[in-house]
Amino acid sequence: MPGPVPGPHDAHAALERQLQAQQQIARLAQTLLSLPAEELDQGIREQLAIAAELAGVERTRLVVANPKTGRVAAAYDWWSESEHDVPPIEADFFQRFAWASEQIKRGDIVQMGADSLPHEASAERDRVRSQGVRSVLVIPVRFGKAIVGGHIFASRSRERIWSQQEIANLRVVTEILASAIRRRRAEHALREREQRFRAIAEHATELVSEFDSEARYHYASPSFARHLGHDPASLIGKPASTLVHPDDVEKATRDVARGVAEGVEVRVTHRMRHRDGTWRWFESSGGLYQTPNGSRRFVCIGRHVSERVAMEEAMSRQLRAEQEIAALSRRFLAVSAHELDGAIREALAEAGALADAERVLLYTLALSPEDRRGFVYEWCARGIESGPGMRCPWSETQLAQGRVLQFGSIEEIPDEAAAERANWRRQGTRSLLVIPVRLERELAGLIAFETRTRPRRWTDSEVALLGLVGEILSSASRRCQVDAALRESQARLLHAQKLEAVGRLAGGVAHDFNNLLSVILGFSRPLLRELPDGPVRDDVREIQAAAERGAGLTRQLLTFGRRQESPLQPVDLNAVLRGIAPLVARLLGDDVELALDLADGLAPVRGDAQQFEQIAINLAVNARDAMPDGGCFRFETREAQLTADRPSRHRLAPGRYVRLCASDTGVGMDEETRARIFEPFFTTKEPGKGTGLGLSIVYSVVEAAGGAIAVDAAPGKGTTFEMFLPEASPPPGRARSDA
């Protein structure tokens, strides 16, 4: 039969209870919303008391499972003071109670008594009976649409059936509690991520930074102090471009804007300013994210790549240098011999640019082993003065052993080379690199690079490339020397052929002329003996004197023509010059002064005294004609020691020589005349005033004596003939120091 019909009093009481329940639920929700995340766990447990009061039970338990494993992830319990021996929640709670779990997974509300459970819920029935529970209500716990657990209400004092209104209220309570759990878990996860991010950022070697929507620093990691010397706190609120190199700001800003607009990762390589004012290279990557409160932030990680950039730049420079060196080598292969000298000088400027140097010096040894003068090429940057030549014995020893000398500072030069260090310091040199150059395994010279306005240190790869430049330029210089030597040899051969041809002609003429003179002298001498004094005898004497002078000239012509070899004997050159001086003075005339500067104790030379007299006369006549308005003609003698380290320009073998110089203050001569001065029959005099044999005879006599001759002259600056004649023996009372 139907139950009693509720009266107005019952309806009013039900309404009051519902109102009170809603007020309790509102207080529960307000309480949980007001709690900070770290207090939510305790708050949820405390609010379970309200849930139990609303359900009218002595126990309530809220269990949340891990969706991946199905095991208990979180559990919250409340029981009244009368409850004892409440069992803990096992991790496999949901596996133990499979029937109830299946009901909950379907989203069903489970309301049952110990005796009303179906047969398949035997595990649940045993558990309920063992705990003295008389009625149970289980409400599914949802996170969004997913069911993740159950909210269990257990009554031990009485059996009861929960009304739909009560269940609806308890559902709301469960949702509020589930929302609080979700909030706690979300904020806990967020806090964990923040702590993880903070820990990573605090210990990262990279620069970690966060920027707000206005591109200002919101966070800067401690690595800013390690890499850039800036206090991270001092950067907060400053624009992101604060530390970026001005030349990189535009590109970095453009790339970041593109990444933000397209929602892609941004990667930028740029320079950042260190506290000391220097610039460091960083490769930064980052992206945009949104905070829980909706703020837009940009996170950036910058990796220090200065070494990598420097290596890339070095490799790029090396590649460019290798290409330029290859082009330089090809260019020299195409340069003709007569253009080599100029090409070498131009290439030195390129070498200076490659080495980042301000002065480049190329020194190549001469082809002849006994000639150690070498060839020097120099290039200086604008504003840099040419360095004076100086001896560097310590450096020369090191280079001869194949060692590269590099000094980032001149003060690094060791004390055993203190004099060289002082010389470089006076010259203003800051850094120096000297590389020995070898061609076909033989030392061929050196190439030196110098800076004066800044210090510089060259890497091993740079030294290797610059050494290759030295080899290319030295090889070109060697080609230049070979070509010059070939031209000189051809000129010498041509000159020798001319001398031989003229000598043959002169020798033949002199031989026939000598036969005629022999007849004249043969008849004039008996006549002089037979004729008495008088005009006729005087005429015959003049005939004989003229014939004797002709005989002397004949002997010179025969010597020039190699038809008569004069014996080489020790000759006192000073005595010859003093003896011939009166005749030379008369030849020069009153307007030309004769000066003798003769060294005391001069060693004798090998030769013929009469031929040396002829040299003096020929040179004097040449000087007189060069000084029509008067001047000074000087003979000077000195001893000379030629060694491998101190050679002459005459390519003579090392040894002891007498140096004879004949100089005048006349009109001089141009380069074209100087090049032909020793050619037979070459003369600048008017026809009939010179044969052109005078200086050719001088050349032949000096070479026949084993010596060498050279001339220095310039228009308007006079002429100097320099001769080196081998010593015959030391002067009396003195032994050779080099014996």
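Any read-out appearing in this document is the output of simple, stated calculations on the displayed coordinates, not a laboratory observation. Note that the coordinates shown come from a computational prediction; the quantities given were computed from them, not determined experimentally. Positions of Cβ are backbone-derived with ideal geometry, glycine not excepted, and every protein chain shown enters the neighbour counts.
Structure above, values below:
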read-out: Candidates per GluC sites (Glu not before Pro) in region 193-222, loop by DSSP, up to 14 other Cβ within 10 Å; value: E214
read-out: Sparsely packed trypsin sites (Lys or Arg not before Pro) within region 381-458, loop by DSSP, other Cβ within 10 Å at most 15; value: R382, R391, R403, R441, R457
read-out: FRET efficiency, A261 to F197 (Cβ-Cβ, R0 25 Å, nearest 0.05); value: 0.50
read-out: Using a Förster distance of 56 Å, the FRET efficiency for S336-S409 (Cβ separation, nearest 0.05); value: 0.85
read-out: Nearest 10 degrees, 0 to 90: helix 694-704 Cα axis against the chain principal axis; value: 70 degrees
read-out: Charge tally in the Cβ shell below 12 Å around L598, where Lys, Arg are +1 and Asp, Glu are -1, L598 excluded; value: -1
read-out: Net charge of neighbours whose Cβ lies under 10 Å from the Cβ of A74, counting Lys and Arg as +1 and Asp and Glu as -1; value: +1
read-out: Dipole magnitude of the chain, debye to nearest 20 (Cβ charges: Lys/Arg +1, Asp/Glu -1, about Cα centre); value: 1700 debye
read-out: Computed over the chain: relative contact order in percent, which uses C-alpha pairs under 8 Å that are six or more apart; value: 6 percent
read-out: Estimated [θ] at 222 nm from DSSP helical runs (n ≥ 4, -39500 (n - 2.57)) normalised by residues in the chain, nearest 500; value: -15500 deg cm²/dmol
read-out: Region 566-726, relative contact order [Cα under 8 Å, separation at least 6], %; value: 23 percent
read-out: Chain lengthening between I167 and H188 when straightened (0.36 nm per residue, less Cα-Cα); value: 4.5 nm
read-out: Within the chain, percent of DSSP bridges classed antiparallel, to nearest 5; value: 95 percent
read-out: Per-selection Rg to Rh, region 113-232 - Cα, Kirkwood hydrodynamic radius; value: 1.35
read-out: Cβ-based charge dipole, the chain, positive-most Cα from H270, V360, A704; value: H270
read-out: Relative contact order of region 204-304, defined on C-alpha pairs under 8 angstrom at six or more residues apart (%); value: 30 percent
read-out: Gained length - T69 relative to S461, 0.36 nm times residue gap less alpha-carbon distance; value: 135.0 nm
read-out: Neighbour net charge for L177 - beta-carbon separation under 12 angstrom, K R +1, D E -1; value: +4
read-out: Label-point gap, in nm, between Q290 and A653 - each point 7 angstrom along Cα→Cβ; value: 10.0 nm
read-out: Cα→Cβ-extended label distance, 7 Å offset, between D712 and R454, nm; value: 4.2 nm
read-out: Selection from S163, L568, L473 lying farthest towards where the dipole of the chain points positive, charges on Cβ; value: S163
read-out: Size of electric dipole in region 204-304: Cβ of Lys, Arg +1 and of Asp, Glu -1, about Cα centre, debye, nearest 20; value: 100 debye
read-out: 0 to 90° range, to nearest 10: angle between helix 573-588 axis and the chain longest Cα axis; value: 70 degrees
read-out: Folded to 0 to 90 degrees: helix 609-626 orientation relative to the chain principal axis, Cα; value: 70 degrees
read-out: Length gained when the stretch R158-D600 is fully extended (0.36 nm per residue, less Cα-Cα span); value: 144.2 nm
read-out: Estimated FRET transfer efficiency (A233, S116; beta-carbon r; R0 51 Å; 0.05); value: 0.15
